[in-house]
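Report on the following structure.
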Amino acid sequence: MNLALAQLTWRQHRAVLITGLAWTLLVSGCLLAISDTSSLAGPVETVTIGGPTVLTLLVGLFLAAPLLPREYEQGTYVFAWSQDVTASRWLRLKVGYLLSAVLLMSVLISALHDLRASPVSHPFSMPMFEGFAPVQVAYVAFAFALGLALGALTRRTLLAMGLTLVGFLVVRAFVAAVCRRFYLPPLHAANLEVMPRDSTAVGIQFGAGPHGIAGVDYQPNDRVPSFQWIETGLFLTLAAGLLVLAWWLVRRREVR
Amino acid sequence: MLWLTWRQHRVAVIGTALGFLALSIYLLNCSGQVGEVVDSCAQHDCQAGPGFALTELLATLRSVLWVIAPGLAALIGVFWGAPLVAREFEQRTHQFAWTQDRSATRWLGAKTAWLGGAAVLLTGLTGLAAQPLLHRLDQVDAGGSGLHPAPTAWAQMLVALAVFGFALGVAAGALVRRTLPAMAITAVGFLGAYAATMRLRLSWLPPERHLFSPATAAPDLAVLPRGSEVVETGYLDAAGTPKRLTEVCFYSAAPEDCLPQHGIPHSYVDYQPPDRVLLVELVGAGVLLVLAAGLFALAWYLVRRSVQVG
């Protein structure tokens, strides 16, 4: 703990941190206020999907992406990193404070989200799959690390923000649409009638057979929890890699 | 001035243009796919019509037309509009930019004209690229099946949204004079305006109502005049009070039996008839443009005042 740096971090980022906290409290309040989720399926779904997503984008775009470019653009890195803390230590401590703050917000918002998520939806996609608290926390960590790394790479605020937005959405969409269904090898059935009831088809082979279907690949729905943990692990690994990249980029340019 | 505008904003302009280019290519490609299905359904008898064969594509198109395209328009406001004035204040370059051979208001006028023109051009071209698809979807929607995933005036709405977002960004930047807060305000404001537009765009003029008795959970929209736009569907109890399906029979496997048991004799569909749809939607887009003009005027006033004071 470095008190001076903690104070500086707070002063530089309080606008975003207060906005994030206010948003977290607002969404949590809404979720707590709704007692009967079945009668309000539409609004609940809007809040449960929109709440964590807005927090994630706020963290990636407005907290992490400008973090390093601001120092470079304003020339303040010369002062920040040549005094009693080195650049890499400055970055480590700052990332530590900010990341723990936003992860706490994310835990709060998504834990309530878990309790309130509506049961009527597709088990392998929004909002059921992604509403799971650890998955949401991993998304926030990933968005933060992506913003930080792109900021270290481009050293320009607006460019880093734009790239973070595009990068985050593309990776999320790609994982959800292409990778997720193959986390574990799918099981195979001859056609849709033979497929067990509590399962989700992930691929259909057309050919000779009833209704022109030669075979169905499916994932049993009881695999959802393990898939959610796999996705959590995947995004946490990506986040760790990006944090190391940012740290390495900053250290390389350290003012010695 | 064009050169300066291009130098300062080229990364944002190129990035957004690439997004709109990708969207246009996708929409043209979809038009081909929809066309194939419509044509083959005209030759061979499709079991449940082309709309059924295209269920998955129509769901994707709905999110592309309603979420991704307006999202790109929002980027124009956030990344072109918000930094336009704010960045000059933040980097103190407004003192140079506005005291040379050009007055501050002429500087602002030229920049907003070039960038606003580029925004209209980009969204307009995307709207043109969407026309074949929208025309094809009209054919899929034969008989007002309610499958049409886009409003009639989709292209005009997209252009109006982009202009509105850009004006909002410029005004927010002139007001708070700091880039990041201006960007955040623009994003939130755009989202609010878009949500309000979507909610009010069809219902500001009282819609017509078609009653179904007995109540049905799956209203046959083919009874509406072809080309109508559905505003809302709902249920009425015996006293005529509107009810939602989720309040009474949401989890019921057979809502047709459940509804009369709960005293719901009627269901309704509110719709705008075809001869009104285009007018109603164009007025919605027009309101956005009027708001945009107001925001441009606000930005102009703020910049002029800042020069006079200091």
Limited to the stretch A:237-255, what total is found for residues that are under 14 Å from the mean Cα position of the chain (by Cα) and without any contact (Cβ under 8 Å) to a residue 12 or more places away in the chain? 1
Consider only pairs whose beta carbons are under 9 Å apart and that are at least six residues apart or on different chains; among these, list those whose first residue lies in the stretch A:59-76 and is more than 12 Å from chain B (Cβ to nearest Cβ) and farther than 16 Å from A:Arg14 by Cα and whose second residue is acidic (Asp, Glu) and outside any helix (DSSP H, G or I). none
Kindly provide the set of residues from the stretch B:224-279 that are among the aromatic types (Phe, Trp, Tyr) and at pLDDT 70 or above, ordered by number. B:Tyr235, B:Tyr268, B:Tyr271
Could you tell me how many of the residues in the stretch B:72-82 are surrounded by fewer than 24 Cβ atoms within 10 Å (Cβ to Cβ) and either over 21 Å from B:Tyr194 (Cβ atoms) or away from every other protein chain (no Cβ under 12 Å) (or both)? 0
Just wondering, is there one or more residues in the stretch A:127-137 that are surrounded by 18 or more Cβ atoms within 10 Å (Cβ to Cβ), at pLDDT 80 or above and among the polar types (S, T, N, Q)? yes
Which of the residues that make up the stretch A:152-161 are within 13 Å of chain B (Cβ to nearest Cβ) and either under 15 Å from the mean Cα position of the chain (by Cα) or in a helix (DSSP H, G or I) (or both)? A:Thr154, A:Thr157, A:Leu158, A:Leu159, A:Ala160, A:Met161
Within the stretch B:29-46, is even one residue at pLDDT below 70, farther than 22 Å from B:Trp80 by Cβ and assigned to a helix (DSSP H, G or I)? no
The conditions are (1) at pLDDT 85 or above; (2) out of contact with any Pro (no Cβ under 8 Å at 6 or more places or on another chain); (3) over 20 Å from A:Phe142 (Cβ atoms), and A:Phe174 fails exactly one of them. Which is it? (3)
Hey, any hits in the stretch A:170-192 for a residue that's in a helix (DSSP H, G or I), aromatic (Phe, Trp, Tyr) and within 14 Å of chain B (Cβ to nearest Cβ)? no
Quick one: B:Thr55 ticks every box in (1) at pLDDT 80 or above; (2) closer than 30 Å to B:Ala195 by Cβ except a single one, so which number is it? (1)
Taking the condition free of Cβ contacts under 8 Å to residues at least 24 places away in the same chain and either over 21 Å from B:Pro207 (Cβ atoms) or more than 23 Å from the chain's Cα centre (by Cα) (or both), does B:Tyr268 pass? no
With the condition kept exactly as written, say whether any residue in the stretch B:151-168 is assigned to a helix (DSSP H, G or I), touching a residue at least 40 places away in the same chain (Cβ under 8 Å) and within 14 Å of chain A (Cβ to nearest Cβ). no
Restricting to the stretch B:172-188, and then to whatever is under 18 Å from B:His94 (Cα atoms) and in contact with a Gly (Cβ under 8 Å, 6 or more places away or on another chain), can you tell me which residue is nearest to the other protein chains (Cβ to nearest Cβ)? B:Thr179
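The values are calculated or read from the model by the stated rules, or taken from the named source; none is laboratory data. The structure displayed is predicted, hence computed values, not measured ones. In this analysis, Cβ positions are derived from the backbone assuming ideal geometry, glycine residues included, and neighbour counts consider all displayed protein chains.
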